[in-house]
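Working notes for the structure below.
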Amino acid sequence: SPGLWAVVAAVRDIAEVVVVAPDREQSGVGTAITLSHPIRATEVPPQTDGVRAYAVEGTPADCTIVALESLIGAPVDLVISGINQGANMGNDVFISGTMGAALQGFFRGIPAIAVSVASLKDVHFAAAARTVRLLAQGVADGRLTPPLLLNVNLPNVPLEKIKGVSMTHLGRRTYMDVIKEGDDGRRKYYWITREKPGWVLERGLDVWVIRRRRISITPLHTDLTSNTISKEIRGLTREIRHAFLPQ
């Protein structure tokens, strides 16, 4: 992936870089890890001299786990996932393989950055690479410390056309995935397809910022606990408790 090697070029002079990446397209696999069969990793010639590189027969999350637990063999200061071609904003972070790889670093107490550019073709990587370099430098000099999980998205424009940077919240999609039904002559099948996304456009959300040619940096955490219905849940827990206690 050209985005991956753009990151390598951006940070290799401030860090020792090891590339561990899937050997094939892994869009939409989210946080999936492989438990049903062994994972194979093959060392491959790097596109940048002086960098070890491995192709892994597994998911992005598998790559991070294998890298941290086996391949690298030394403490790691930062996990960078990307640069992904295609945005990972709003609800989509929950199915993002890019985020899945970053999460495995975060789970282990290592600062992690997932970075994406909002386009699938003719992608401009320069601004994203420079952004990652600056964030990596912040980790290196101690200004950014664990716990750290950042979801970074950039508009697909040349570096000189970036209008700024904002810290954002995750946006919200206004559509669900759709099903196309078919029959291959043996049995009926269902194909999940993604329509053109519709987004809630509110100031401060990642999508709103990207539409204005600004860089979106969203700090994330894995605590998904909701406080919005806590009163109702407390009431039900009392009923459940009484149902289990002896009368």
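Filter the stretch 114-131 down to residues that are of a type in the set (Gly, Ala, Ser) and in a loop (DSSP other than H, G, I, E, B), then give me how many there are.
Taking the stretch 114-131 first, the residues of a type in the set (Gly, Ala, Ser) are 114, 116, 118-119, 126-129.
Now drop any that are not in a loop (DSSP other than H, G, I, E, B), which leaves 118-119.
So the count comes out to 2.
Find all pairs meeting these conditions: Cβ atoms under 7 angstrom apart; at least six residues apart or on different chains; first residue within the stretch 218-233 and modelled with pLDDT of 90 or more; second residue β-branched (Val, Ile, Thr) and surrounded by 10 or more Cβ atoms within 10 Å (Cβ to Cβ).
If the second residue must be β-branched (Val, Ile, Thr) and surrounded by 10 or more Cβ atoms within 10 Å (Cβ to Cβ), the pairs left are 218/168.
Here is a yes/no grid of residues against (1) farther than 21 Å from residue 210 by Cβ; (2) open to solvent by 30 Å² or more (accessible area, probe 1.4 Å):
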| position | (1), (2) |
| --- | --- |
| 60 | yes, no |
| 63 | yes, no |
| 72 | yes, yes |
| 84 | no, yes |
| 103 | yes, no |
| 107 | yes, yes |
| 110 | yes, no |
| 120 | no, yes |
| 131 | no, no |
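Could you check the stretch 133-174 and list, in sequence order, the residues that are open to solvent by 40 Å² or more (accessible area, probe 1.4 Å), at pLDDT below 95, within 22 Å of residue 208 (Cβ to Cβ) and part of a loop (DSSP other than H, G, I, E, B)?
Those that are open to solvent by 40 Å² or more (accessible area, probe 1.4 Å), at pLDDT below 95, within 22 Å of residue 208 (Cβ to Cβ) and part of a loop (DSSP other than H, G, I, E, B): 170, 172, 174.
Before we move on, is residue 234 open to solvent by 90 Å² or more (accessible area, probe 1.4 Å) and touching a Gly at 6+ places or on another chain (Cβ under 6 Å)?
Values: open to solvent by 90 Å² or more (accessible area, probe 1.4 Å): yes; touching a Gly at 6+ places or on another chain (Cβ under 6 Å): no.
In short, no.
Pull out all pairs, ordered by first then second residue, where Cβ-Cβ is under 9 Å, the residues are six or more apart or on different chains, the first lies in the stretch 1-26 and is aromatic (Phe, Trp, Tyr), and the second is not in a loop (DSSP other than H, G, I, E, B).
Correct list of pairs: 5/19.
Can you tell me which of 182, 171 is small (Gly, Ala, Ser) and without any contact (Cβ under 8 Å) to a residue 40 or more places away in the chain? Lay out the reasoning, then the answer.
Numbers: 171 fails: without any contact (Cβ under 8 Å) to a residue 40 or more places away in the chain.
Among 182, 171, only 182 is small (Gly, Ala, Ser) and without any contact (Cβ under 8 Å) to a residue 40 or more places away in the chain.
Among 44, 79, which is of a type in the set (A, V, I, L, M, F, W, C) and either more than 12 Å from the chain's Cα centre (by Cα) or open to solvent by 70 Å² or more (accessible area, probe 1.4 Å) (or both)?
Values: 79 fails: either more than 12 Å from the chain's Cα centre (by Cα) or open to solvent by 70 Å² or more (accessible area, probe 1.4 Å) (or both).
From the options 44, 79, the qualifying one is 44.
Only residues that are open to solvent by less than 80 Å² (accessible area, probe 1.4 Å), closer than 22 Å to residue 69 by Cα and in a loop (DSSP other than H, G, I, E, B): list them for the stretch 1-32, please.
Within the stretch 1-32, 15, 17, 23, 26, 29, 30, 31, 32 qualify.
Taking the condition of being within 30 Å of residue 161 (Cβ to Cβ) and open to solvent by 60 Å² or more (accessible area, probe 1.4 Å), how many residues in the stretch 198-230 meet it?
Applying the first criterion (within 30 Å of residue 161 (Cβ to Cβ)) to the stretch 198-230 yields 198-220.
Narrowing further to those that are open to solvent by 60 Å² or more (accessible area, probe 1.4 Å): 201-203, 211-214, 219.
Final tally of qualifying residues: 8.
Residue 138 passes all but one of (1) in contact (Cβ under 8 Å) with a residue 24 or more places away in the chain; (2) touching a Leu at 6+ places or on another chain (Cβ under 6 Å); (3) small (Gly, Ala, Ser); which number fails?
(1) is the only condition that residue 138 fails.
The values are calculated or read from the model by the stated rules, or taken from the named source; none is laboratory data. Here the structure is a predicted model, which means the values were calculated and not measured. A quick note on method: Cβ atoms are made from the backbone with ideal geometry, for glycine too, and the neighbour counts reach across all protein chains shown. When the accessible area is computed, the model is the full protein with side chains, heavy atoms only, and any ligands, DNA or RNA have been set aside. Shrake-Rupley method; radii C 1.70, N 1.55, O 1.52, S 1.80 Å.
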